[in-house]
Amino acid sequence: MRWGKALGERYRDVLASIYIYNEHRGYTSLDRVLEAVRARCPDEPAFIAEIESHRADERKHYLMFKRWFERQGRMPLAVGRSCGHIDRFIQWVFGCPIDELDTAAVIADGGLFEQLCRVIALTEQRGYAQLAILLRSPLVLADPVLTRIFRIIYEDEPSHFGPYCRWLERHDRPTALWRERAADWCIHKILMLAVLPVLFLDAGASRRTRWHDDGEDFTPDTRGDRPAAAAFQELRCPV
């Protein structure tokens, strides 16, 4: 029984460490996306507002995972780009890390902008499908707070991939190409069948010494930029 409990705790620790990394990567990457969208689609304020809301949600999700770890009394495992779905997808499609993505080129080239929209939409759709699986997992359901976090994210997800799909449809562009779907599938399998198990079995994996958002500056009046404790209230749990 003790072993079962320890393995469950380890699984949730690894899972939450991967998710908090991806949520942080998500909202910081969306800053670059917003730069491109505002420049390329200045006459589409509703589309811009939807992406701003998406960015705020990603930040909110990050804060909830941050507070979950604070309540656990430990820092997340020190995972990096190898655990990031969007990191791998951008590298696969554009041939460079997210941080090196040429925003000016994306703004200037309609084909690149469409690709970026499809990559984001497919990433969010993959996340939505994976959350449906996690919310049926006994290992996740054993932690009511973590379950609530995943349920909130699951409820938010359709509003994340929807704007990009609708934009592509409005402009008569495909919402996904077969090679992009193939890349998404391969990345998911690599993460699930290789990266996650290796991290789970690595008993000596180090933990972060600083939070992902240490030193970042945020506008305090946006929905996603609340203190971690305030964001955690959405879980209807005591801080």
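The values are calculated or read from the model by the stated rules, or taken from the named source; none is laboratory data. Quantities reported herein were computed from a predicted structural model and do not represent experimental measurements. Here the Cβ is made from the backbone with ideal geometry for all residues, glycine too, and neighbour counts use every protein chain on show.
Tabulated results
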item	result
Selected residue [in a helix (DSSP H, G or I) and modelled with pLDDT under 95] from A16, A6	A6
Subset of segment 1-44 that is of a type in the set (D, E) and farther than 23 Å from F89 by Cα - its residue that is surrounded by the most Cβ atoms within 10 Å (Cβ to Cβ)	D13
Residue check for A49: small (G, A, S), without any contact (Cβ under 8 Å) to a residue 60 or more places away in the chain and within 18 Å of F161 (Cα to Cα)	yes
Residues (in contact with a Lys or Arg (Cβ under 6 Å, 6 or more places away or on another chain) and either in a helix (DSSP H, G or I) or in contact (Cβ under 8 Å) with a residue 60 or more places away in the chain (or both)) located in segment 149-183	E180
For V239: the one exception among (1) closer than 25 Å to A6 by Cα; (2) at pLDDT below 95; (3) within 18 Å of the chain's Cα centre (by Cα)	(3)
Condition met for I86 (surrounded by 23 or more Cβ atoms within 10 Å (Cβ to Cβ), β-branched (V, I, T) and touching a residue at least 60 places away in the same chain (Cβ under 8 Å))	no
Top-ranked residue in segment 186-229 [being surrounded by 13 or more Cβ atoms within 10 Å (Cβ to Cβ) and of a type in the set (A, V, I, L, M); ranked as modelled with the lowest pLDDT]	A228
Residue check, L112 hydrophobic (A, V, I, L, M, F, W, C) and under 15 Å from the mean Cα position of the chain (by Cα)	no
Residues (small (G, A, S) and outside any helix (DSSP H, G or I)) located in segment 105-147	S137, A142
Residue tally, condition exposed (fewer than 12 other Cβ atoms within 10 Å of the Cβ) and not acidic (D, E), over segment 172-181	3
